[in-house]
Amino acid sequence: MNKLEWVLLCLLTTVFSPLWGSEDMPSGLLRMPDMPLHDPYILAHQPSRTYYLYTSNIGRMSGTPGVGTMVYKSKDLLNWEKPKAVFVVPENSFAHQGGWAPEVHEYKGRYYLFVTLHNDERILTQPPDSWKTTIVRGTISAVADSPDGPFEMLNPEAAVPPADFMTLDGTLFIEDGQPWMVYAHEWLQKADGTIEAVPLSEDLSRAIGEPIHLFKASDAPWLNASITPDTGLLHYVTDGPEFYRTKDGHLLMLWSSYENDSYVQTVARSKSGRLQGPWEQLDPLVKADSGHGMLFRTFEGQLMMVLHRPFRNARGKLYEMKDCGDHLEVVRERIDLDGDPVEIYEGFSETTE
């Protein structure tokens, strides 16, 4: 080994040592390559300076059987505690399957869990031109006094969106003091999936008004261009809405879809700066079978995005982000934290502060 090769090896060891083996990992802790993570959601809890990473419960990981939500905890986004279950669907629930896309929001001093459940034995009324059998599916709300749970389901009888809608991935948005659940109306029911919103009661347990339409998946020019009649696939997916207000006051919404059978993390912007839009579609942020992302800030103030990749056997991936006032840009993937360096690919560009 010559001197140059030795210098390069030392440099690589310094940069990537968190990714190589577990000998430098504190005992009993995990790192993202070890953590099954579909639809990850991170709550940065300032009082305890702890990152809470929520995902669907996996009994072999949490030690608690059943459909629900588990949470990993970390002080540094690198080393994570073994997960524990914070919500298990009660026996009297209308549905006992799913447990998808959990997220936890602090609201008026309590912590509210939104998570999607479904019941494949309850078939929805099918319109005459329906192309797919649809089932009861929707996002429920649950509450706890701590981000550690346990969370109690607020309405075991039904999901929050309309019962005859097949929906998923509900998130919380507050405007003028009014809470809303914003959700994806399934492409399985509509063919061209939509993002919709419904006003919530003060305790976030139920809808108190009619849903409003925000946009449909085919509004995205890049997505519409990727689907042509000769493919035989004219179905447009909407997944994972999540909101962010920029430093200049622009309202953005992260959401996900598919381009050529590959998951994509994209973003929309409200032209009015308000929930009802109208919404314009911006270029995707990350491709390469990546998506269902959300934004948070580290305790040092850095804007971050977490998403999962690949769609199957997913793991969490972390990105430093830049708030450009009217849009977002990816600064870099934190491969020192997520353990999976990737090549730069079409639709992805790194920027610097």
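No value in this document is a laboratory result; all are computed from the given coordinates. Quick caveat, the model's predicted, so the values are computed rather than measured. Every residue, glycine as well, gets a Cβ built from its backbone with ideal geometry; the counts of neighbours run over all protein chains shown.
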>> What's the magnitude of the charge dipole for the range 3-338 around its Cα centre, counting Lys and Arg as +1 and Asp and Glu as -1 at the beta-carbon? Answer in Debye, nearest 20.
In response: 580
>> Can you compute 3J(HN,Hα) from phi for each residue in the range 47-63, using the Karplus curve 6.51 cos²θ - 1.76 cosθ + 1.60 with θ = phi - 60°, rounded to whole Hz and x for Gly and Pro?
In response: x, 9, 6, 10, 8, 9, 10, 9, 7, 5, 5, 10, x, 5, 8, 8, x
> Under a point-charge model restricted to the Cβ atoms of Lys and Arg (+1) and Asp and Glu (-1), what is the dipole moment magnitude of the range 195-317 relative to its Cα centre, in debye to the nearest 20?
Replying inline: 360
> Each label point is 7 Å from the Cα along the Cα-to-Cβ direction; what then is the distance between the points at Glu202 and Ala225, in nm?
Replying inline: 5.0
>> Taking the number of other C-beta atoms within 10 Å as the exposure measure, put Tyr107, Tyr183 in order starting with the fewest.
In response: Tyr107, Tyr183
> Taking H as built 1.01 Å from N, whose amide H comes closer than 5 Å to the amide H of Gly99, not counting residues under 5 places away?
Replying inline: Thr116, Leu117, His118
>> Whole angstrom only: what separates the Cα centroid of the range 169-187 from the Cα centroid of the range 85-131?
In response: 14
> So, in nm, how far is label Thr64 from label Asp34 when the simple model puts each one 7 Å beyond its Cα toward the Cβ?
Replying inline: 2.1
> Between Gln178 and Arg245, what is the FRET efficiency for a Förster distance of 25 Å, r being their Cβ-Cβ separation, to the nearest 0.05?
Replying inline: 0.95
> Considering only the other residues whose Cβ falls under 12 Å of the Cβ of Asp148, what net charge follows from Lys and Arg at +1 and Asp and Glu at -1?
Replying inline: 0
>> As an exercise, use a Förster radius of 41 Å and the Cβ-Cβ distance of His213 and Glu91 to find the FRET efficiency, rounded to the nearest 0.05.
In response: 0.70
> Quick one: length gained pulling Arg110 to Arg122 fully straight, 0.36 nm per residue minus the C-alpha distance?
Replying inline: 1.1 nm
> Order of Arg274, Arg332 from fewest to most other C-beta atoms within 10 Å?
Replying inline: Arg274, Arg332
> Can you sort Asp338, Asp34 so the residue with the fewest Cβ neighbours within 10 Å comes first?
Replying inline: Asp34, Asp338
> Tally Lys/Arg at +1 and Asp/Glu at -1 over every other residue whose Cβ is under 10 Å from the Cβ of Met70; what's the total?
Replying inline: +2
> Do any trypsin sites (Lys or Arg not before Pro) in the range 73-111 lie in a DSSP loop with no more than 16 other beta carbon atoms within 10 Å, and if so, which?
Replying inline: Lys75, Lys108
> What number comes out for the charge environment of Ser256, summing +1 per Lys or Arg and -1 per Asp or Glu over other residues with Cβ under 10 Å away?
Replying inline: -4
> Rounded to the nearest 0.05, what FRET efficiency do Glu81 and Arg332 have when you use their Cβ-Cβ distance and R0 = 30 Å?
Replying inline: 0.70
